[in-house]
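The values are calculated or read from the model by the stated rules, or taken from the named source; none is laboratory data. None of the values given here were measured: they were computed from a predicted structure. Because the Cβ atoms are built from the backbone with ideal geometry, glycine has one as well, and the counts that use them run over all protein chains shown.
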2 protein chains.
Amino acid sequence: MQILIQKYGGTSVADAERIRKVAARIKSYHDRQISLVVVVSAMGHSTDALVSLAAQIHDSPPKREMDMLLSTGEQVSISLLAMALDKLGVPAKSFTGSQVNILTDKNHTNARIEKIETDRLIESLKNGHVCIVAGFQGVDEERNITTLGRGGSDTSAVALAAALSAKECEIFTDVEGVYTGDPNKIPKARKLSQISYDEMLELASLGAGVLHSRSVEFAKKYNVVIHVRSSFTFSEGTLVLPEDQIMEKLLVTGVSLKKDEARVSLADIPDRPGIAAEVFERLAEKKINVDVIVQSTGKNNLNTISFTVPAKDLKDTEESLTSLVSTWGAGEITLDDKIAIVSAVGIGMKSHAGVAAGMFKALAKAGINIHMISTSEIKISCVIDKEHGEEAMRIIHSVFELDAN
Amino acid sequence: MQILIQKYGGTSVADAERIRKVAARIKSYHDRQISLVVVVSAMGHSTDALVSLAAQIHDSPPKREMDMLLSTGEQVSISLLAMALDKLGVPAKSFTGSQVNILTDKNHTNARIEKIETDRLIESLKNGHVCIVAGFQGVDEERNITTLGRGGSDTSAVALAAALSAKECEIFTDVEGVYTGDPNKIPKARKLSQISYDEMLELASLGAGVLHSRSVEFAKKYNVVIHVRSSFTFSEGTLVLPEDQIMEKLLVTGVSLKKDEARVSLADIPDRPGIAAEVFERLAEKKINVDVIVQSTGKNNLNTISFTVPAKDLKDTEESLTSLVSTWGAGEITLDDKIAIVSAVGIGMKSHAGVAAGMFKALAKAGINIHMISTSEIKISCVIDKEHGEEAMRIIHSVFELDAN
């Protein structure tokens, strides 16, 4: 049995009218004898509504109960979609995470999928039913309801694709696919026909925001082909593939910009083993996510460590560092929240030198100063002044010939 | 372990403020070391909202999917109540029907409870948790979600009380208890301190509307004591008890009035076996509920059957009967939707003669004509003109000395 997985996000099922449209699309696949498992998110902003209901009652609700509450959002949309399919004469059956037995760990509100039982789905598919599965949710071994964190429906879909050895996992969203850059900021951004898992991961974590990172990690691990496409049109979207299936390896696949980060510098701190560990352990304790890190040794064996943190965590970061500096009796803290991180991502960089140089040169030519540089195998990131962020992104997009004609 | 079951209806948990109040009440029991299992309905009119959402998509939604949809209402309220308890420092855990394993038959939207597993609840109670259970819902043996029909949360509560051998089942509602008559219609109506299951069943089916009939049948079968009381005050309500525990057996416990019925007469029909069966089978096929039935034989061996049906089914009833009459080649149909049924209920009637006579006399004295009479061991019903309905109810209430001083 050839199985196709489809996932429809909250915007695609935001109201009765859109649910009917999704049902019509599903019917067109069902009419072609394709065995379908459809994963659905909660309708539009219904999850937000549930969150604010909880906030009226508890400022820090127990996570188990939060999962009990939030999982109702998807349960509403799966039942409505099954009804819409029945209305079109398509036999359909909805399933909660618990009914499919999507087993997760016990980490409420951010659980990880451990195992999926496929018997019940396969039986329903054999009976000619379209299976509608609630995304974002699972159960732990004691049948407590768990959720996978924001965007978790993507992970549900990819995990189901892996468990059912599906041909492909189509992720329907409100954009046409994955672009070389944010089309709202870069009018000349092009839709990519293919992208590798690693590139997608770098772009997702950099805020491209089309796919949930964990779903891409899952897809990479189990070699699931993801097809990101629009639920409003029928045009082909972007395939997210293993690197060896990418036909044309672009030097740079996409550029991205992060504007909600701040830069922190710790200058003149003692140069002895463990100093960096002390700094980042303190921040980890407060669950502050550090992104770019640069360290260098200066004169008199005094060190400088610079890094970026989310701007909202700047105050917490300052407090932690101030106490460290007083413990050491040395060090000077500089904070700057007027920065942006511009990055270029591409698997072609692995085999081509000069990408970084090209990027620095283009920025220099436009008079944009670089404060920090960080590179990985497939990514180059530069920290620059926030005011130049979007200009820098467009320049890099153009320099690496990503602009549409 | 002494266990108490409490059930809070939709009005009691209609918003965050009321949920906090319910939590405060539960805390007062928990502080007294009482082991509590709390059954909750969906918030306010949230079930209606879900029904109208479904109606936007399907005029006759598959019942399995309807249950999937509607069961989310209770899942929202149990999680919010558990959060509110946590906020007050009371350890609480919410459970869906599926998690408790409230096993029902497969009759979606109107399922019957077959078995309840108590292991998980007892374990939680032993750990000092208040258990919050979603009312109205269960699962069939294949773990499809089922619902028990409107008012089914009462049944959930009583069934849990039976399964857990609980001391009592408190049903919290927006009235103070069970009254001798509708307080909105009879200003002198009194709150009863006790009522028997059978009286409650007659009053519930007559529209007193405080308790779901099926819950009372369940309570009678398993000898569960129900305490109907207000969630807005702390005063004692009404105990629904086995007849042998009723201290003072009133001649008449309550009076009720039904105004949404119509009277149907079939005159001059053949007097042969099976005629009545033919009539009521036809109506049963159309799921028309017949209430009072009176049959008499007149001159020339021609029969008259009179009965009442819900006024909304009058047209369907007329169609069925017209076709029957043409088959028989005999019979005359008379319809009257300007009627009311006034009833007096009381287990004291079993041992006292003259109750019916007293009722007829009181109505006659007020110049109210009786069209039909029907009696059972503990109930007398009279069909009268609708315009006299409320007056008749007040007269009977007064004649049997139910008026408050």
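Just name the residue that is farthest from the other protein chains (Cβ to nearest Cβ) out of those in segment B:112-138 that are assigned to a strand (DSSP E or B) and charged (D, E, K, R).
Taking the candidates together, the pick is B:Glu114.
What are the residues in segment A:289-324 that are more than 29 Å from the chain's Cα centre (by Cα) and either modelled with pLDDT of 85 or more or at positive phi (or both), if any?
Of everything in segment A:289-324, those that are more than 29 Å from the chain's Cα centre (by Cα) and either modelled with pLDDT of 85 or more or at positive phi (or both) turn out to be A:Asn300, A:Asn301, A:Thr304, A:Glu319, A:Leu321, A:Thr322, A:Ser323, A:Leu324.
Scan (1) closer than 26 Å to A:Ala392 by Cα; (2) assigned to a loop (DSSP other than H, G, I, E, B) for the single condition A:Ile195 breaks and write down its number.
(2)
B:Gln56 - would you say it is among the polar types (S, T, N, Q), out of contact with any Lys or Arg (no Cβ under 6 Å at 6 or more places or on another chain) and free of Cβ contacts under 8 Å to residues at least 24 places away in the same chain?
Spelling it out, B:Gln56 is indeed among the polar types (S, T, N, Q), out of contact with any Lys or Arg (no Cβ under 6 Å at 6 or more places or on another chain) and free of Cβ contacts under 8 Å to residues at least 24 places away in the same chain.
For segment A:139-169, how many residues meet the condition of being away from chain B (no Cβ under 14 Å) and either touching a Cys at 6+ places or on another chain (Cβ under 8 Å) or not β-branched (Val, Ile, Thr) (or both)?
21
So, in segment B:154-175, of the ones that are assigned to a loop (DSSP other than H, G, I, E, B) and modelled with pLDDT under 90, which residue ends up surrounded by the most Cβ atoms within 10 Å (Cβ to Cβ)?
In this case the residue turns out to be B:Val175.
Take the residues of segment A:16-25 that are within 14 Å of chain B (Cβ to nearest Cβ) and under 18 Å from A:Pro91 (Cβ atoms): which is surrounded by the fewest Cβ atoms within 10 Å (Cβ to Cβ)?
Once the filter is applied, the top-ranked residue is A:Ala24.
Could you identify the single residue in A:Asp119, A:Asp67, A:Asp48, A:Asp59 that is farther than 24 Å from B:His58 by Cα and buried (at least 24 other Cβ atoms within 10 Å of the Cβ)?
One residue alone meets the criteria, A:Asp67.
Take segment A:325-353 and flag every residue that is touching a helix residue (DSSP H, G or I) at 6+ places or on another chain (Cβ under 7 Å) and among the charged types (D, E, K, R).
A:Asp337, A:Lys338
Test A:Lys286 against the stated conditions and say whether it is touching a residue at least 12 places away in the same chain (Cβ under 8 Å), surrounded by fewer than 17 Cβ atoms within 10 Å (Cβ to Cβ) and under 21 Å from the mean Cα position of the chain (by Cα).
So A:Lys286 does not fit the description; no.
Would it be correct to say that B:Val290 is assigned to a strand (DSSP E or B), hydrophobic (A, V, I, L, M, F, W, C) and within 25 Å of B:Ser376 (Cβ to Cβ)?
Spelling it out, it is not the case that B:Val290 is assigned to a strand (DSSP E or B), hydrophobic (A, V, I, L, M, F, W, C) and within 25 Å of B:Ser376 (Cβ to Cβ).
Does B:Ala392 satisfy the condition of being touching a strand residue (DSSP E or B) at 6+ places or on another chain (Cβ under 7 Å), more than 21 Å from B:Ile246 (Cα to Cα), small (Gly, Ala, Ser) and surrounded by fewer than 16 Cβ atoms within 10 Å (Cβ to Cβ)?
No; evaluated as a whole, the condition is false for this residue.
Tally time: how many residues in segment A:141-153 are over 14 Å from the mean Cα position of the chain (by Cα) and crowded, with 24+ Cβ neighbours inside 10 Å?
3
Okay, residues lined up against (1) away from chain A (no Cβ under 13 Å); (2) modelled with pLDDT of 95 or more:
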site: B:Val39; (1), (2): yes, yes
site: B:Val51; (1), (2): no, yes
site: B:Ala55; (1), (2): no, yes
site: B:Lys63; (1), (2): no, yes
site: B:Ser71; (1), (2): no, yes
site: B:Ser77; (1), (2): no, yes
site: B:Ala82; (1), (2): no, yes
site: B:Ser94; (1), (2): no, yes
site: B:Asn110; (1), (2): yes, no
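Name the single residue that is farthest from B:Leu53 (Cα to Cα) among those in segment A:1-15 being polar (S, T, N, Q) and surrounded by 20 or more Cβ atoms within 10 Å (Cβ to Cβ).
Here the answer is A:Gln6.
Would you be able to say whether some residue in segment A:232-242 is among the small types (Gly, Ala, Ser), more than 15 Å from the chain's Cα centre (by Cα) and over 24 Å from A:Ser343 (Cβ atoms)?
Yes, segment A:232-242 contains at least one residue that is among the small types (Gly, Ala, Ser), more than 15 Å from the chain's Cα centre (by Cα) and over 24 Å from A:Ser343 (Cβ atoms).
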